[in-house]
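Notes follow once the structure below has been shown.
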Amino acid sequence: MSCGQTILDYGLRAIGIGEKLLPRTEFDLCTQVTLIGSGLIWNLYFGFFALLFGFFLANALAMAKASARPWIRKPAEGFIFLFRGSPLFIQFFLAYQLFVLLPRAGIEIFGITVATGWLTKAWAGALIVLILNTTAYSAEIFYGALQTVPKGDLEAADAYGMTGWKRFRRIVWPTMMRLAWPAYTNEAIFLFHATTLVFFSSFPAFAQQGDALYYANYFADKTFNPFVAYPIVAVYFILLTLVLISLFGLVNRRLNRHLPGAAKRIRYRPQLIR
Amino acid sequence: MKKLMLAAATLALTAGMGLAAPVRIASEGAYPPYNLINDKGDLDGFDIDVGNEICKRAELECVWVKNDWDSILPNLKSSNYDAIMAGMSITDERKQEIDFTQNYLPPAASAYAALSADTNVGEGAVVAAQTATIQAAHVAESGATLLEFATPDETVAAVRNGEAQAAFADKDFLEPVVAESNGELSWVGEDVALGGGLGVGIRKSDTELRDKMDAAITSMKEDGTLNGLIEKWFNETGMYFGPDGTGVPKAEAKITPPAS
Amino acid sequence: MFEYCADPKSLEGLVWLSCYLTSGTHMQFYASFGTVLLLLAITAPIALLFGFGGALAARSQVPPLRWFGKIYTAMVRGVPDIVFFMFVPIALDQLFEYLRSRVYCDTSVPVRQGSDFVVCAAAKLPRATSPEWMHDAYGFFLAVLAFSIVFGAFAANVLYGAMNAVPAAQLETAEAYGMTRRQMNRRILIPQMWAYAVPGLSNLWMILIKATPLLFLLGVEDIVYWARQLGASKTSSFAYPHPDWRLYYFLAILIFYLLMTAISERVLRRLMRHLTKGQATLAGEAMRKAAA
């Protein structure tokens with residue numbers, strides 16, 4: 001089988017397009033690279049949507065944590081502690097068990113039956129866990145940045161007569177983002193790495209549609225050789241990380257465009273965040 | 001001082017040579033009644049009873065090792081243990097990678113269990129099976145959508161909560177589950193015969209061990225002890241070994257109950 | 001465990017529960033919490049050592065050593081740790097046995113026979129004649145090593161950053177005094193770097209705690225393994241039949257981890273306060289002002 005044919009057959013296998021059965025006898029490099037690459041679609045899907053939703057939720061949560069009212073602050077602190085204080089792996093296990101407990105027929109809310117079956121599927125259930133997880137981590141980052149917004153900036157805003165929402169939108173929030181961005185970049189990288197855990201916790205693979213690590217595991221299982229499939233995953237993730245760093249770098253440059261000389265490369269220290 | 005150490009080294013070497021290395025046998029411990037962890041925390045089950053009897057007859061010293069199902073073959077191949085007895089069916093695909101002894105359980109039926117007896121398990125259905133089993137391969141080929149789980153127990157849980165329409169596994173594993181479900185679970189369709197029965201998996205390079213164990217299984221088949229162990233662990237409808245080594249119903253088999 | 005547990009099927013309620021929770025398998029479950037703590041206790045110092053070596057290598061003036069250090073520190077940024085865990089233990093195991101086979105075995109016999117990896121009995125790790133606990137210990141040792149390599153790379157990142165944070169003037173002064181590079185490292189760089197490294201290292205400790213559930217992927221019987229094993233529904237062929245209880249077991253594990261992180265956070269905050277006292281850093285300055 002030519003490599004082009006393999007790509008046609010398995011390039012989109014992870015989302016159910018192409019060959020129905022996984023390769024049984026052909027384990028050449030092309031097949032492995034193609035199928036593992038197709039699995040990467042899932043990692044991208046999980047990472048992208050978790051970041052997207054997580055970003056907005058984290059902003060709200062950071063504000064809640066900074067609130068002076070205890071009945072807003074305490075729940076926010078509890079949520080952040082719960083998700084930052086426990087392993088993502090256990091969160092996946094628990095969430096799956098909880099989703100499974102929901103009544104199959106759906107829940108009735110105000111006379112409308114809400115279906116629950118989709119929650120046990122990886123595309124929804126695992127995504128929810130990832131969103132909540134990244135929300136907690138990002139909220140802590142944003143909260144930290146909010147606390148370090150320079151006093152001078154706020155005083156200047158006051159001098160201009162800015163108050164309330166306007167002050168927040170034009171002064172506080174942009175500064176907070178600028179300060180939080182390097183750390184948030186690391187969070188994004190970690191989040192994409194964490195997506196590999198989905199099919200290794202308890203979310204089942206549906207019709208053998210899994211992520212990059214799922215297929216790498218399949219090949220390692222069939223060929224009894226872990227030294228090809230896993231390094232392929234590693235290379236894919238190195239590329240993904242480089243793309244992420246450059247994309248976030250662009251945003252960083254925009255956030256810092258008013259500061260002379262500050263828009264240079266961010267220094268990434270992944271260990272300082274999680 | 002140096003001399004003393006040298007002497008100690010030679011002593012250790014000869015001691016190592018005099019003692020035959022024990023045969024290490026791996027099992028999963030999550031597939032009752034084939035293999036399970038009993039409440040004392042030890043491996044137990046049909047595989048373990050048969051294995052101990054084989055070792056006794058082949059005069060081997062055996063040690064049991066617990067290993068997860070998904071890494072059970074790779075660890076055999078990299079010599080972390082010498083044999084697998086984990087309800088593993090003899091299949092052509094596995095035979096390309098490892099050797100098997102003759103079977104110690106006749107080809108067993110696999111069956112579908114679902115919430116109602118008229119569930120569709122063919123085209124369009126979602127069927128749960130354990131990853132990397134012959135049942136999983138069968139479901140993938142049957143046209144149904146395969147939902148994979150790491151342990152057999154999770155496949156049944158998936159049917160209970162409606163995530164999958166049916167679970168497909170060895171009938172002997174599903175039997176007590178269905179029987180004790182108070183009518184919640186029932187059988188669907190005909191049983192499917194898969195594989196060539198259960199065999200002891202052994203590295204291809206280890207022909208000596210395979211021959212020894214083969215001989216032991218032959219003698220266990222001849223005097224009916226193997227049938228005795230089948231009777232001990234499985235229900236009435238299971239298959240037994242006939243005089244010619246093929247599967248026969250219980251009535252036609254010679255059964256010697258285990259000593260204890 | 002208790003006398004009255006001889007016939008579990010006749011028991012009910014709390015008595016049943018007390019017997020159930022003290023069964024042999026549960027004892028092994030409780031012991032596996034110790035396994036996790038032991039892993040943490042052993043891995044942390046080894047990873048710190050690896051990180052130290054990695055950071056010094058990355059600052060080295062010998063190019064090959066520097067490249068090695070840079071690659072080592074960079075690898076954890078690009079590749080998910082779980083990918084390393086999937087093959088590092090197997091790779092290490094085969095590497096050790098291959099090296100030993102070159103010494104103890106007939107070297108004309110290839111170690112790869114087809115897709116089998118076979119070395120002679122003398123090179124086997126651990127030896128097939130070793131008692132079972134040796135096999136368990138070896139598996140645990142491989143897990144510790146895999147964790148240490150990955151977290152060593154994280155630690156190397158922290159320490160590399162901390163070493164760079166030591167003011168250049170300090171090192172220049174040392175050079176002016178005629179110190180060699182070794183002396184500079186030992187007398188100036190390393191003592192000063194700790195204050196900068198502690199926040200990063202505390203964070204790393206928290207990450208390490210939260211990575212321990214991955215142990216079960218490495219074949220170690222840890223708390224996740226036992227929670228899955230014990231929580232799975234049990235038919236009446238078991239002494240204590242019950243439905244699917246995995247949710248409760250995982251809740252117990254969740255509480256364990258929340259406690260671990262909460263206690264660690266408290267201890268680390270104290271340590272940090274202790275370390276910043278009198279330091280010429282922002283936090284140290286703030287403490288001085290607050291006291292005054």
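The values are calculated or read from the model by the stated rules, or taken from the named source; none is laboratory data. Just so you know, these numbers come straight off a predicted model, no measurement behind them. All Cβ positions, even for glycine, are placed from backbone atoms using ideal geometry, and neighbour counts span all protein chains on display.
Some values worked out for this structure:
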{"read-out": "Residue match in the range C:62-77 (condition: outside any helix (DSSP H, G or I), surrounded by 13 or more Cβ atoms within 10 Å (Cβ to Cβ) and within 14 Å of another protein chain (Cβ to nearest Cβ))", "value": "no"}
{"read-out": "Every residue from the range B:139-165 that is of a type outside the set (Ser, Thr, Tyr), assigned to a helix (DSSP H, G or I) and within 18 Å of C:Trp245 (Cβ to Cβ)", "value": "B:Pro152, B:Asp153, B:Glu154, B:Val156, B:Ala157, B:Ala158, B:Val159, B:Arg160"}
{"read-out": "Complete set of residues in the range B:202-219 that are in contact with a Lys or Arg (Cβ under 7 Å, 6 or more places away or on another chain) and closer than 22 Å to B:Ala26 by Cβ", "value": "B:Ile202, B:Arg203, B:Ala216"}
{"read-out": "Subset of the range B:101-138 [part of a strand (DSSP E or B) and modelled with pLDDT of 85 or more]", "value": "B:Leu105, B:Ser110, B:Ala111, B:Tyr112, B:Ala113, B:Ala114, B:Val126, B:Val127, B:Ala128, B:Ala129, B:Gln130"}
{"read-out": "Top-ranked residue in the range C:101-131 [being over 26 Å from A:Asp221 (Cα atoms) and among the charged types (D, E, K, R); ranked as farthest from the other protein chains (Cβ to nearest Cβ)]", "value": "C:Arg102"}
{"read-out": "Residue within the range C:107-114 that is of a type in the set (S, T, N, Q) and either in contact with an Asp or Glu (Cβ under 9 Å, 6 or more places away or on another chain) or in a helix (DSSP H, G or I) (or both) present", "value": "no"}
{"read-out": "From the options A:Ala207, A:Ala220, A:Ala229, residue that is surrounded by 16 or more Cβ atoms within 10 Å (Cβ to Cβ), free of Cβ contacts under 8 Å to residues at least 40 places away in the same chain and closer than 26 Å to A:Ala14 by Cα", "value": "A:Ala220"}
{"read-out": "Residue selected from the range A:196-226 under the condition among the aromatic types (Phe, Trp, Tyr) and assigned to a helix (DSSP H, G or I), by the criterion nearest to the other protein chains (Cβ to nearest Cβ)", "value": "A:Phe200"}
{"read-out": "Near pairs, Cβ below 6 angstrom, 6+ apart or cross-chain, from the range B:194-213 (within 14 Å of another protein chain (Cβ to nearest Cβ) and free of Cβ contacts under 8 Å to residues at least 60 places away in the same chain) to any residue that is surrounded by fewer than 19 Cβ atoms within 10 Å (Cβ to Cβ) and of a type in the set (S, T, N, Q)", "value": "B:Ser205/C:Gln113"}
{"read-out": "One residue from C:Ala262, C:Ala252 being modelled with pLDDT of 70 or more, within 24 Å of C:Ala227 (Cβ to Cβ), surrounded by 11 or more Cβ atoms within 10 Å (Cβ to Cβ) and over 21 Å from the mean Cα position of the chain (by Cα)", "value": "C:Ala252"}
{"read-out": "Residue among C:Leu159, C:Leu99, C:Leu125, C:Leu142 that alone is part of a helix (DSSP H, G or I) and at pLDDT below 90", "value": "C:Leu99"}
{"read-out": "Residue identified as under 20 Å from A:Ile131 (Cα atoms) and in contact (Cβ under 8 Å) with a residue 60 or more places away in the chain among A:Phe27, A:Phe46, A:Phe56", "value": "A:Phe46"}
{"read-out": "Test: residue in the range B:45-54 that is within 12 Å of another protein chain (Cβ to nearest Cβ), assigned to a strand (DSSP E or B) and either modelled with pLDDT of 90 or more or within 26 Å of B:Tyr240 (Cα to Cα) (or both)", "value": "no"}
{"read-out": "Test result for C:Ile207, aliphatic (A, V, I, L, M), touching a Pro at 6+ places or on another chain (Cβ under 9 Å) and either in contact (Cβ under 8 Å) with a residue 60 or more places away in the chain or within 7 Å of another protein chain (Cβ to nearest Cβ) (or both)", "value": "no"}
{"read-out": "Any hit, the range A:173-194, residues being small (Gly, Ala, Ser) and touching a Pro at 6+ places or on another chain (Cβ under 9 Å)", "value": "yes"}
{"read-out": "Checklist (1) over 27 Å from C:Asp136 (Cβ atoms); (2) touching a residue at least 12 places away in the same chain (Cβ under 8 Å); (3) surrounded by fewer than 23 Cβ atoms within 10 Å (Cβ to Cβ) applied to B:Ala140, failing item", "value": "(2)"}
{"read-out": "Yes/no for A:Ala205 being modelled with pLDDT of 85 or more, in contact with a helix residue (DSSP H, G or I) (Cβ under 8 Å, 6 or more places away or on another chain) and small (Gly, Ala, Ser)", "value": "no"}
{"read-out": "In the range B:166-213, residue surrounded by the fewest Cβ atoms within 10 Å (Cβ to Cβ) [restricted to those that are assigned to a loop (DSSP other than H, G, I, E, B) and of a type in the set (Gly, Ala, Ser)]", "value": "B:Gly183"}
